[in-house]
Amino acid sequence: MDTSSPSAFVNGALLRRYIGQKVRTVVQVIGSDNGSVVGKSTDDLQIVVRGSSPPSPLTTYLEVIGIAESENAIRAETLTNFGNTFDPQNYNELCKLANGEFKHLFI
Amino acid sequence: MEVNLTAGAITKMMNGEIASEKDMTPVLQVTELKLIQTKIQKPQQNQEPNKDRYKLLLSDGVLLQQGMLNTSLNGLVEEGIIQLGSVIKLTQYVCSLIQTRRFVIVMQLEVIADICDIIGIPGQVGKSNEPGQSSINQQHGEAGSVNTQSIGGFEQQEARRSELNGGRFGVSADLPQPQVGGQNNPDTGRYGVSANSPQPQVPDVGRYGVTASSPQPQVSQRFGTGSGIPETAPSTRPYVSSNAGYGGSRQEQPRAPVTNAYSRPVQSGYQPQQPPMYVNRGPGARNEAPPRIIPIAALNPYQGRWTIKVRVTSKGELRRFSNTRGEGKVFSFDLLDADGGEIRVTCFNDVVDQFFDLIVVGNVYLISRGSLKPARKDYNHLPNDYEIHLDSASTIQQCYDDDAAIPRNQFHFRNIGDIENMESNSVIDLIGIVSSISPTGTVIRKNGSEVGKRALQLKDMSGRSVEVTMWGDFCKAEGQKLQDLCDSGVFPVLAVKAGRIGEFNGKQVSTIGSSQFFIEPDFPEARQLRNWYEREGRNAPCISISREFSGVGRQDVRKVITQIKDEKLGTSEKPDWITVTATISFMKVDNFCYTACPIMNGDRPCSKKVTNNGDGTWRCEKCDRCVDECDYRYILQIQLQDHTGLTWATAFQEAGEEIMGMSAKDLYYVKYEHHDDEKFEDIIRSVTFTKYTFKLKIKEETYSDEQRVKATVVKAEKLNYSSNTRFMLEAMDKLRKGDASSLPTVKPESSNYSSGIGTSGARETTSVDTHREFGLPAANQVSQYGNQYSSNSRPLGGITSCNACGSNGHVSANCPSVMSEPQGQYMSGTPGRYTGGGMPRQHVGGY
């Protein structure tokens, strides 16, 4: 397993902790144009995803792996369609656990 | 030793003021004690042979009252603890009005003094002791006879009685209960004749005249009975007059004044029914006259003939069944009488046709004849040890003039808080405020039909709330009305009559066939509740007793596989029902199905194994028939694995289909008809190493003297990761809050992960309420979603499940597989999600 470049699970609020670092999150797509996607994070914050051309067509949910540029923007390296029935609430809980009590279990 | 008899007790008994120990526990003296032996058995009575009984006369110092000792107290007499002159306190007894006489049946007593001189000079009454007598003369006449008797006439009376016993009345006096004697006597033959034809009435009168002159109460009573036959009415009158007040007074019942009383409602009903009865029974065999109306409480198996005046409080639906004796149908209805007695009536087959349409809930009927059987308490919640089985000789006559003395309904309301400590399957009456109601969902019954289901939250002053599940027609009429009320922002008061307590991670209440709902009823309890709700109940915290207990009792709980062994599941009397999330790690593919008999037996196929005759037909031993084409049913042997261990399990037809995603027949054809091994392998591979949520029935069974714990899959669903994750998050949350009690205890070495598995609890009553507090349709929708959401969030923890057949979606009390009860209904878990399924069919013994 490649642990050289870990990506932290984040939601919208946690993004600011990882500015300049690699993160992964899932957003609900609100709109996209010219290689950027505007999405809603699992904790209902707006995130702008740039850098990588989004897959087409986009599904409702999109996983984003990339570098946190600011507290609401990610420069994407990988974009993956996550389907239309993703459960954002569970993901949000995962992000909180992975950055809180159980941080030690995650790299 | 100084003893005080309870003054006036007997007068009160006679007046009907006291009927049981609830009213009074009088201290009385035994002034006469007589053994009544059962010498002759009536064939239609199923009593044990030679059951002796003691008859006694009880005195309160002034009056005497006839009584009967319960046979369980015979020992007291035989050991001499009770003897002539004993002073006893009646601690459990019933004053029954048997025809016209009151009898005290003593069930329990305390001996105050073993022996004591007779106190006072009591006189016997206990004959025409009904209130409301009109003729003073008659009373005088009677009093006279009573006096004679009490001054030494008693021996004489008894002597005379035995004379009679030796002769014509042989049977009567020997019957175990006095009322039986009174009523069945005619059956011995002589009187039956007289009842049938007016002609022999005259000699009868003569004979009775003799009898009646002795203080032998049954006699005139018997005559009164006879007068019920219209034809004999004319001859009754002369009898009345010729016998002074004695017989006449007896006929003046409060409910049925004077002779013609008997020729009225009772009789008009009997008239049309009687001819066939005579044909059936043969002339002269019985007195076919309608007897007096007796209270339900006085019914017992030793009485052949009786009439009760009752209101039908509920009527079960017509059910068809099939058992080894063939097919049949059954329905039952519940009765209530003016004395508050309740009893269930059950009719089978032809009798169903006879009476089904006649019975309408709320109407008053006179019901006569039928046998009393011990109540099947599993199915019959009424507070009566017996139930009535009607037969072709039974009569039901509607009383068109409503009797206001018979209440429309009788409630025994309990607090919702009490439910926590009540047994599952008990039937209770509740009254509470409906705080929310879910939309109707449908559940597929095992027989393929659909049934509606919806749930509501009911709370009361005990500060508890409970989920009440409605089934079938309740969803429509009552459900819609409640929904409308809730939508309009009202929290309606709901009285539930006869709801059944179910148990799954807590308690809930569901409707059964005899349940009734009363929405915004107008009685004191409802008004009290409404006041409470307006004052404080609306904002009072309310704890739901549904779905929040775990770790106690036999419930459907999440387990891990090693817990099957560690906790010795299945080794208790009843099977354990558990839910596990596991992967199918191996599957035996050689005999995944068997050839089954497709012949319909009732509403289900027989499904027994059929053998190939070699000529293309299949033979079923059970049906003893051959069929051209057989069914194929799964019998899958699979190995389940989770993070703690492995276990074998068997999945039959329905569960097999759920696992394989195709019918056994299709799979059989792939492998054995088309010989498409590659496709077959693909199908098997697609199933193995797939995670499912299994509901398992764990039960220890014995195979050739070897005990083996067997796991049967009763339900399998592909794992829903989203809901499973929610479930785990919830469990983790609980764990962090230290609420470990809600988690199944797993041995530490089993796994750390198992801590993630627990029973989800949900206490959303208040929150639901809060949603609705914002009111009105839109908000109510929110609450509905809230409900659905919450149930979806714990499909693994809160599955409604059946202890009997194991399928999700109903509880055992209402399990279609044990539906031998006419009342049963089907239940399910959360709406629309758990649809039927479950165990392979089970034969229903039942009727």
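Assorted remarks:
- Taking label positions 7 Å along the Cα-Cβ direction at both B:E621 and A:T59, the computed distance is 5.3 nm, reported to one decimal.
- Debye-sum result for region B:452-528 in log10 I(q)/I(0), which assumes one identical scatterer on each alpha carbon, at q = 0.17, 0.20 Å⁻¹: -0.66, -0.93
- Placed amide H near B:D391: partners under 5 Å, 5+ positions off or other chain: B:S371
- Taking N as its residue count, the alpha carbon Rg of region B:659-704 over 2.2 N^0.38 Å: 1.56
- Among B:V580, B:V87, B:V709, a tally of other beta-carbon atoms within 10 Å of each Cβ gives an order, fewest to most, of B:V709, B:V87, B:V580.
- Anisotropy class of region A:8-97 from Cα gyration tensor, a/c 1.5 cut: oblate
- Stokes-Einstein diffusion for region B:331-483 at 10 °C, viscosity 1.306 mPa s, with a Kirkwood radius from C-alpha pairs, works out to 88 µm²/s.
- Residues B:Y93, B:Y632, ranked from the fewest to the most other C-beta atoms within 10 Å, line up as B:Y632, B:Y93.
- A simple rule links phi to the HN-Hα coupling: the Karplus curve 6.51 cos²θ - 1.76 cosθ + 1.60 with θ = phi - 60°, which for region B:14-19 gives 5, 6, x, 5, 10, 10 Hz, with x for Gly and Pro.
- Selected from A:Q21, A:V64, A:Y91, residue furthest toward positive end of dipole (region A:8-97; charges at beta carbon): A:Q21
- Close amide H contacts of B:R558 (hydrogens built in the peptide plane, cut-off under 5 Å, sequence separation of 5 or more or a different chain): B:T579.
- Using 0.36 nm per residue and subtracting the Cα-Cα separation, the extra length available between B:T583 and B:E629 on full extension is 13.1 nm.
- Rounded to whole numbers, the Karplus 3J(HN,Hα) couplings from phi for region B:373-383 are 10, x, 5, 8, 4, 4, 10, 10, 8, 5, x Hz, using 6.51 cos²θ - 1.76 cosθ + 1.60 with θ = phi - 60°, and x at Gly and Pro.
- At R0 = 35 Å, FRET efficiency that the Cβ-Cβ distance of B:D677 and B:K608 yields, to 0.05: 0.70
- Under 5 Å between amide hydrogens, built in the peptide plane, is the criterion, and for B:I635 it picks out B:C593, B:Y594 among residues at least 5 positions away or on other chains.
- 3J(HN,Hα) from dihedral phi, region B:469-480, Karplus parametrisation 6.51/-1.76/1.60, rounded to Hz, x for glycine, proline: 9, 9, 10, x, 5, 4, 5, 6, 5, 5, x, 5
- Between helix A:88-98 and chain A: long-axis angle, C-alpha atoms, 0 to 90°, nearest 10: 30
None of the figures in this text is laboratory data; all of them are computed from the coordinates on show. In this text the structure is predicted, and so the values were computed from the model without any measurement. Note that each Cβ is placed from the backbone with ideal geometry, even for glycine, and that neighbours are counted across all protein chains shown.
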